[in-house]
Amino acid sequence: MILKQIAKTLDEAALNAQAVPQMAAQNNITLSQAYEIQHLSISHRLARGEEIVGYKLGFTSKAKMEQMGVHDLIWGVLTDTMEIPANGHTSIHPFIHPRVEPEIAFKVAKDIDKVLTLENCLEYLEACAPAIEMIDSRYENFQFSLADVVADNCSSAAFCVGDWQKIPEKIDNLSMEMDFNGVLKQKGNSNAILENPLQSVVELSRLSLQAGMEVQKGQIILAGAATQAEYIEVGIEVEVKVEGLGLVSFRVDK
Ligand code: OOG
Ligand code: MG
C-alpha cells in the first residue's frame, strides 16, 4: 500500500513539476521495494499512453557518484514523451530543477535475452550516438538516498539523442564535452563510464534479467554521464560533443 502511495506521489510530483520530501528512510524502503515503486510509477505513465523506449544507467561514473553522494549503479526507464528531438527545443516548465549531462546512447539490435559480456554485447547493439540526458529529481533540493532516487525512476526527465553512428572499434577513450551557448561547461572522457560505456550495456543486461524484464530490439540505452550534471535555464542551448560521434544539441525555452 505504502509503495503504491509513494509511486503516486512521485508520479504527481513529476506531472505538476512540484518537489516533494524524501520518503524512503521514513518508510524503511529497501532497494528492491524502491524498484517496485519505480515500476508502479512507470505504470501510471503507461496508463496515460506513454511507451517504454529504453533504459538509462545511473552512477556509472565517479564524478556523478561524488556529486550526488550515492555509490551504487542504478537503472531507470525512458518513455517516448521524454524524448527531445535532436537540435530541437523544450520548455522548462514541465521540470522542477533540471540538470543536463553528457552521455552516449546505444540502440539495441536484438532482444537481450541473456546476461551479456564485453565480448558479445556488440552483437546486441546496432549503433551509438552522442546524447544529452536531462535529469530532474522530484525531491526537494535535488537530494536523495539511493532508495529515494531509484523510486523516482533515477531522476529521469528527458533525453536527446544525435545521429546514430556505427559503433567505433574503441569506444572507451573518447573525449566528451558539454557546452552551454558555446561555452565549455564540462569536459570528460567515455572511460569515466565504467571504464567502457559498453560495460553499462553488460550491467543493464544483468539488472534487467534479474528484474524479469527484457530489453528489446530498437530500444535505447543511455550508458550514464561521463561528468557531473549542470543546471539549465531558459535561453541555454546545450550541446554535447563526443569525439568521433559528432554532436547533439537542444535549446531550453520558456
Ligand atoms: C540520478 C541519475 C544519475 C547518471 O547518468 O549518472 C544519472 C541523479 O543524479 O539525479 O543519470
Ligand atoms: Mg544520466
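The values are calculated or read from the model by the stated rules, or taken from the named source; none is laboratory data. It should be emphasised that the depicted structure is a prediction, and the values quoted were computed from it without experimental measurement. FYI the Cβ positions are ideal-geometry reconstructions off the backbone, even for glycines, and counts take in every protein chain you see. Keep in mind that these areas ignore ligands, DNA and RNA; they rest on the heavy atoms of the full protein, side chains included. Shrake-Rupley method; radii C 1.70, N 1.55, O 1.52, S 1.80 Å.
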Subject >> From Glu239, Glu233, Glu169, Glu195, residue being open to solvent by 40 Å² or more (accessible area, probe 1.4 Å), in a strand (DSSP E or B) and not small (Gly, Ala, Ser) >> reply: Glu239
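Which one is surrounded by the most Cβ atoms within 10 Å (Cβ to Cβ) among residues in region 211-227 that are of a type outside the set (A, V, I, L, M, F, W, C) and farther than 16 Å from Pro197 by Cα? It would help to see each step written out before you state the result.
Applying the first criterion (of a type outside the set (A, V, I, L, M, F, W, C)) to region 211-227 yields 212, 214, 216-219, 224, 227.
Keeping just the survivors that are farther than 16 Å from Pro197 by Cα gives 212, 214, 216-219.
Numbers: Gly212: 6, Glu214: 14, Gln216: 14, Lys217: 13, Gly218: 12, Gln219: 17.
Among residues in region 211-227 that are of a type outside the set (A, V, I, L, M, F, W, C) and farther than 16 Å from Pro197 by Cα, the one surrounded by the most Cβ atoms within 10 Å (Cβ to Cβ) is Gln219.
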Subject >> Selection within region 84-102 - in a loop (DSSP other than H, G, I, E, B), closer than 13 Å to Val234 by Cα and within 16 Å of ligand 2 (Cβ to nearest atom) >> reply: Phe95, His97, Pro98
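With the structure loaded, tell me whether Ser155 is modelled with pLDDT of 95 or more, open to solvent by less than 10 Å² (accessible area, probe 1.4 Å), within 13 Å of ligand 1 (Cβ to nearest atom) and not acidic (Asp, Glu) or whether it fails that test.
yes
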Subject >> Subset of region 51-90 (residues that are open to solvent by 40 Å² or more (accessible area, probe 1.4 Å), more than 16 Å from ligand 1 (Cβ to nearest atom) and in contact (Cβ under 8 Å) with a residue 40 or more places away in the chain) >> reply: Ile52, Pro85, Ala86, Asn87, His89
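Kindly indicate the residue of region 91-123 that is more than 16 Å from ligand 1 (Cβ to nearest atom) and under 27 Å from Arg48 (Cβ atoms) and also surrounded by the most Cβ atoms within 10 Å (Cβ to Cβ) among those meeting that condition.
Just the residues of region 91-123 that are more than 16 Å from ligand 1 (Cβ to nearest atom), to begin with: 91-94, 107-123.
Still in the list and also under 27 Å from Arg48 (Cβ atoms): 91-94, 107-108, 111-112.
Working: Ser91: 10, Ile92: 17, His93: 9, Pro94: 15, Lys107: 19, Val108: 21, Asp111: 13, Ile112: 24.
Applying the filter and picking the extreme gives Ile112.
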Original post:
Which is basic (Lys, Arg), closer than 27 Å to Ser175 by Cα and more than 16 Å from ligand 2 (Cβ to nearest atom), of Lys8, Lys107, Lys64?
Top reply: Lys107
